[in-house]
Amino acid sequence: MSFDYDLFVIGGGSGGVRAARVASAEGAKVALAEEYRMGGTCVIRGCVPKKLMVFASGYKDLVHDAQAYGWEASVGDFDWDVFRPKMHAELDRLEGIYRNILKSNNVEAFDARAEIKDAHTVTLSTGQDITAKHILVATGGTPFTPDVEGAEHTITSNEIFLQEKLPGSILIVGGGFIASEFACIMHGLGVKVTQFYRGEMILRGFDKGSATHIADAMKSRGIDLQLGADVAKIVKTDAGLEVTAKDGSTQVFDAVMYGTGRVPATKGMGLAEVGVNLGRKGEVLVDAYSQTSVPSIYAVGDVTDRINLTPVAIREGMAFVETVFKANPTPVDHELVPSAVFTQPEFGTTGLTEEEAVDYAATHGPVEVYTTAFKAMQSGFAGRENKVFMKLLVDQHKRTVLGCHLVMDGAGELIQLAGIPVKMGATKEDFDRTCAVHPTMAEELVTMKTPSHVIGG
Ligand code: NDP
């Protein structure tokens with residue numbers, strides 16, 4: 001049977017574009033459809049604009065520190081009207097680069113929605129049917145907003161970058177990556193921020209001691225972080241959005257943003273209808289090679305809800321091409337993936353959390369916990385109270401470093417490097433025989449001599 005293409009990719013984000021480009025380089029005839037903007041969530045309404053806003057939000061502290069170091073510096077108000085068009089121009093530039101990558105790699109791009117008609121056919125929103133030997137679903141995810149009265153007045157991370165003007169005050173709901181990062185960003189830009197998280201500590205699933213350190217720092221910077229708090233209803237009034245919390249208290253905000261998770265973008269895709277098994281959240285269920293229950297259909301990235309991070313989606317896309325177009329079956333390694341949460345202070349993390357170490361210790365033996373918290377020289381001199389926090393988890397018998405958690409300026413950059421020895425299986429003694437670099441904050445990583453406690457000891 002002959003097909004129009006060897007590969008049809010649905011979704012022009014990180015995973016889809018990488019798979020399309022690499023498959024084409026292998027000689028495959030490839031097409032890709034994207035219904036919104038090329039580049040996907042990461043480039044258009046995620047990591048990239050978020051990081052630009054993280055940078056923008058950090059300058060107030062920098063100016064304050066500069067003053068403390070003797071500079072005659074002053075900071076006025078943040079001007080969204082100056083920053084916003086520059087940010088969007090940068091996103092346009094990056095989208096152009098993504099388009100060029102496809103073009104220069106002979107991938108045919110369709111600016112259209114594609115849905116699955118059968119195991120080898122997609123139907124475009126233009127009405128056109130296209131056949132392919134393989135179909136790769138890389139449609140990512142979309143923000144989830146709970147069914148709360150008045151939710152129609154709220155925004156999500158999709159809209160936050162598009163606002164015409166910054167609100168004077170904002171309520172951010174949720175305690176995960178997105179809610180916590182945006183609480184810090186908006187605060188840094190001069191917005192009065194309240195954050196509601198329904199649980200006992202933000203960043204659930206991360207190392208709790210590190211999360212607690214971040215939450216305390218956020219509060220001391222002036223963010224009104226309310227734990228055990230949730231929204232009961234939202235009413236639009238002349239004064240703004242009147243939010244009634246579940247404890248009955250009310251407060252008025254200029255804006256309410258939900259950062260309450262994302263759901264895989266599989267709705268209306270025709271996947272279940274052709275026999276692709278979906279999970280409880282609508283995620284595409286795949287095997288280690290990203291193959292679905294329909295052999296010609298594969299899926300990578302957030303739509304599979306494995307580890308929802310851009311570099312993971314890219315790796316899944318590349319492993320798919322190895323497996324399908326290079327006859328080299330390659331499972332994706334999802335172990336010890338380092339990541340960063342761009343809160344202020346920043347959080348870099350890899351491996352086992354202290355909470356996970358309890359289970360680990362029950363089966364593998366005791367885990368040593370090394371922690372340190374200290375005032376950083378640079379910000380301490382400037383009179384800022386924030387402290388650096390570090391934690392290493394070590395298998396007491398094997399000596400392997402199982403987890404590394406850093407809360408400090410530059411933690412995202414640092415965990416990229418610390419992630420290498422942890423992934424290599426380095427021992428605590430490997431860390432310790434590496435000479436310290438002085439004076440740095442990171443030197444403490446190789447000078448923590450005595451465990452603060454032992455789990456399962
Ligand atoms: P997360 O799953 O990280 O967090 C969702 C938050 O919303 C949790 O605090 C959750 O609470 C809360 N929540 C969920 N449902 C409700 C509800 N019905 N009512 C009230 N609160 C609710 O999702 P995010 O949206 O923050 O991020 C989505 C994904 O995007 C992340 O998993 C991450 O992979 C990726 N991402 C990565 C970033 C990075 O690498 N720096 C940055 C941003 C996003 P509870 O804990 O109680 O369930």
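Just so you know, all these numbers are worked out from the coordinates, no wet-lab data involved. Small disclaimer: the values here were computed from a predicted structure and weren't measured. All Cβ positions, even for glycine, are placed from backbone atoms using ideal geometry, and neighbour counts span all protein chains on display.
Key figures for this structure:
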quantity	calculated
Test: residue in the range 218-226 that is within 25 Å of PHE347 (Cα to Cα), within 16 Å of the ligand (Cβ to nearest atom) and not in a strand (DSSP E or B)	yes
Hey, GLY261 away from the ligand (no atom under 16 Å from the Cβ) and in contact (Cβ under 8 Å) with a residue 60 or more places away in the chain or not	no
Matching residues, the range 227-255, being among the polar types (S, T, N, Q) and not in a strand (DSSP E or B)	SER249
Enumeration of residues in the range 274-291 that are touching a residue at least 24 places away in the same chain (Cβ under 8 Å) and closer than 20 Å to THR142 by Cβ	VAL276, GLY279, LYS281, VAL284
Flag for THR304 being away from the ligand (no atom under 14 Å from the Cβ), hydroxyl-bearing (Ser, Thr, Tyr) and either in contact with a strand residue (DSSP E or B) (Cβ under 9 Å, 6 or more places away or on another chain) or touching a residue at least 40 places away in the same chain (Cβ under 8 Å) (or both)	no
Output for the range 197-213, where each listed residue is within 13 Å of the ligand (Cβ to nearest atom), surrounded by 17 or more Cβ atoms within 10 Å (Cβ to Cβ) and under 17 Å from the mean Cα position of the chain (by Cα)	ILE202, LEU203, PHE206, ALA211
Members of the range 75-122 that are closer than 21 Å to ALA272 by Cα and without any contact (Cβ under 8 Å) to a residue 40 or more places away in the chain	THR121
Residue list for the range 190-209, filter: under 17 Å from ILE178 (Cα atoms), touching a residue at least 60 places away in the same chain (Cβ under 8 Å) and not in a loop (DSSP other than H, G, I, E, B)	PHE206
Filtered residue count, the range 214-254, keeping only those that are among the small types (Gly, Ala, Ser) and more than 24 Å from ASP61 (Cβ to Cβ)	8
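Quick grid of which residues meet (1) in contact (Cβ under 8 Å) with a residue 12 or more places away in the chain; (2) buried (at least 16 other Cβ atoms within 10 Å of the Cβ):
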| site | (1), (2) |
| --- | --- |
| MET390 | yes, yes |
| CYS404 | yes, yes |
| ILE420 | no, no |
| THR450 | yes, no |
